[in-house]
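The values are calculated or read from the model by the stated rules, or taken from the named source; none is laboratory data. Because the structure is a prediction, the values reported are computed rather than measured. Here Cβ is always computed from backbone atoms with ideal geometry, including for glycine, and neighbour counts include all displayed protein chains. Please note that ligands, DNA and RNA were not included when accessible areas were found on the heavy atoms of the full protein model with its side chains. Shrake-Rupley method; radii C 1.70, N 1.55, O 1.52, S 1.80 Å.
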Amino acid sequence: MTMPEHTPGILLLDADTGLHTRLPVLLQALPHPLCIAADHTQARAMLATQRISLLIAEPADAGVADFMQDIYGTHGTHGTHGDMVSLILTSHPEHLQVSQLLQALNQARPYRLLIKPGNDEELLATIKQALDHAVQQQEQRRLLREYQGILTNAESAHAFRVLDALMHSIHKDMAADAIHHLPVGALLLVNGSISLSNASAQRFLHEMEESPAETGKPLTHLPAALQDAPQAPRRQRLQRRTAINRRLDYFVLELTAGTLIAFAPEPSLGRPPDA
């Protein structure tokens, strides 16, 4: 079934054909499309092509536990859909091994456990609550992404502004270790190779879709946006465009420890798009 991109759906993973018939009728008034999988293989295929916000699963199939491990992760790892799938587990206790149920519960950390057969009113009410919970989680993640984007932009803007001050204040006897703490991207070149690259440099290069500046590599392995820097005039603020047509400001200084390239990309404006 084709699902509208703006409305994440519900995935039922259960071999119970009676529930396959009952659940679509029960959920017909909800705007969330329903996908039905009889086993974990079908469920994997559906998750690969559909946006799912709620998984309703029966863990009687031993393969479901492995499926849930892939989705939600285990032992501190992050699964493929751990952030976007809420879960309700349904169970026939007389047909289900306790160890199997506990494994599924540990993997999925479900919103709630329902015992079959249950009643339609309770099932529908719980599904609605779980969907509301999923929407709240999605909004929290969106706000966190927005905050992180604003924070990153603010850091970039700060680095962009301090380049001029650094160019006139850094002394030639600056220790190499201090370069790690500069609020701009910084590379130290020694004897024709990259001796040091601070965390800001790696982050900025990643943002600009440039190759990383790897320690120990010759100058020919400098990112494309900084290839001309070793021959650039010293103590002048210079500009060039990156491969994604973003402005890069940088300057070059001669230190006792080596040649310093300090740089920052032009800060992005606005907030990142919603995923």
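Here are the numbers:
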{"item": "Ratio of Rg to Rh over the stretch 179-275 (Cα coordinates, Kirkwood Rh, two decimals)", "result": "0.97"}
{"item": "Built amide H within the under 5 Å cut-off of residue 36, gap 5+", "result": "12"}
{"item": "Stretch gain in nm, segment residue 241-residue 122, where the contour uses 0.36 nm per residue and the Cα spacing is subtracted", "result": "36.8 nm"}
{"item": "With all protein chains modelled, accessible area of residue 169 [1.4 Å, Å²]", "result": "80 Å²"}
{"item": "Highest-first arrangement of 17-26, 254-263, 125-134, where packing means the average Cβ count within 10 Å", "result": "254-263, 125-134, 17-26"}
{"item": "Surface accessible to a 1.4 Å probe, per residue, for the residues of the stretch 156-237, Å²", "result": "52 Å²"}
{"item": "Exposure ranking of 180, 168 by accessible area [1.4 Å probe, largest first]", "result": "168, 180"}
{"item": "Other-chain or far-sequence residues with amide H under 5 Å of residue 52's (modelled H)", "result": "9"}
